[in-house]
Amino acid sequence: MNNYRLLYFFWAVPAYLLFLVIQQGLVYQSSIDTYENGTTYLAEVTDFDIKQIAAQSNGYVDIRFETEDELIERRLSLSVQMAQELMKTNNIPIRYQKGAFQEIVLYPTFNIQKSTSLFNMSVAFIGLVVTVISGFFVNRYVRRKVADENDEKFEIERVD
């Protein structure tokens, strides 16, 4: 087997970026759908934590609310911007739509959540375009290297 053929695994990167674009698009659409069509509840904050590491800051909030059928407890990841909106809140108004891709939308952070997923989707899309374009050059390089190694060398002599 030719070692250059392993470069075809490069296509795993654009495949993953395509997955991210689709996933973030679903998060964006489902957030809007849950916000518009979900049921409003008041969720109790049971735990709240912000982690500040040198290169990043994020946190989580544990919420609990009761629907007609069940008591739901969830841990939601938060960016710093979202956490700042919820810091001193004991109860958070939410929209909940069971079975949706994004089941819970927090009212105070809806615009941040929506813009973050749109931003993530656009960054992944730009990365996808760049890696697909580079992938064609990688394919050309691999085909050329494989063809060079498979070609037999012919020596043609002119006989007069």
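Values quoted throughout were computed directly from the atomic coordinates according to the rules given, and no laboratory measurement underlies them. Keep in mind the model is a prediction, meaning the values are calculated, not measured. Methodologically, a virtual Cβ is constructed for each residue, glycine included, from the backbone with ideal geometry; neighbour enumeration extends over all protein chains shown.
Among 145, 88, which comes first, second and so on when ranked by fewest other beta-carbon atoms within 10 Å?
By the 10 Å Cβ count, ascending: 88, 145.
Sort 135-141, 14-20 by packing, meaning the average of other beta carbons within 10 Å per residue, with the highest value first.
Descending mean neighbour count gives 14-20, 135-141.
Would you list 129, 13 from fewest to most Cβ contacts within 10 Å?
Values: 129 12, 13 16.
So the residues, fewest neighbours to most, are 129, 13.
Kirkwood Rh over Cα pairs of region 104-146 into Stokes-Einstein at 25 °C, 0.890 mPa s: D in µm²/s? Write down the numbers at each step before the final one.
Values: Rh = 12.9 Å.
D = 191 µm²/s.
Averaging sequence separations of C-alpha pairs under 8 Å and six or more residues apart, then dividing by the length of the chain, give the relative contact order as a whole percent.
31 percent
For the ranges 43-49, 92-98, what's the packing order if you count other beta-carbon atoms within 10 Å of each residue, average per peptide, and put the highest first? Walk me through the intermediate numbers first.
On the way: 43-49: 15.0, 92-98: 18.9.
Ranking the peptides 43-49, 92-98 by packing returns 92-98, 43-49.
Can you give the angle from 0 to 90° between the axis of helix 12-37 and the longest principal axis of the chain, with both taken from C-alpha atoms, to the nearest 10?
Helix 12-37 sits at roughly 20 degrees to that axis.
Ordered by residue, what ³J(HN,Hα) values in Hz, to whole numbers, does region 110-122 give under the Karplus form 6.51 cos²θ - 1.76 cosθ + 1.60, where θ = phi - 60° and Gly and Pro are x?
Values, residue by residue: 4, 5, 5, 4, 5, 5, 5, 5, 5, 5, 4, 5, 5 Hz.
Using the Karplus curve 6.51 cos²θ - 1.76 cosθ + 1.60 with θ = phi - 60°, work out ³J(HN,Hα) for each residue of region 90-103 in order, rounded to whole Hz, and write x for Gly and Pro.
Rounded to whole hertz, the list is 8, 10, 10, x, 10, 10, 10, 9, 5, x, 6, 4, 10, 6.
Please list, in chain and number order, the residues 5+ apart from residue 46 or on another chain whose amide H is under 5 Å from its amide H, with Hs placed from the backbone.
Residues meeting the criterion, in which the H sits 1.01 Å from N, are 62, 63, 64.
Can you tell me what percent of all Cα-Cα pairs in region 42-95 are more than 19 Å apart?
When all Cα pairs of region 42-95 are counted, 28 percent exceed 19 Å.
With a 10 Å Cβ neighbour count serving as the proxy for reagent exposure, in which order, fewest first, do 73, 103, 155 appear?
155, 73, 103
For region 4-38 and region 68-142, what is the centre-to-centre distance using only Cα atoms, to the nearest Å?
Cα centroid of region 4-38 versus Cα centroid of region 68-142: 11 Å apart.
Over the Cα atoms of the chain, what radius of gyration and what Dmax do you get, in Å?
Expressed in Å, the Cα Rg and Dmax of the chain come to 25.5, 98.
Based on the Cβ-Cβ distance from residue 50 to residue 130, what FRET efficiency comes out when R0 is 35 Å, to the nearest 0.05? Mind dumping the intermediate values first?
Details: r = 33 Å, r/R0 = 0.96.
Efficiency, rounded to the nearest 0.05: 0.55.
Mind giving me the FRET efficiency for residue 138 and residue 112? R0 is 35 Å, r the Cβ-Cβ distance, nearest 0.05 is fine.
Between residue 138 and residue 112 the formula returns 0.40.
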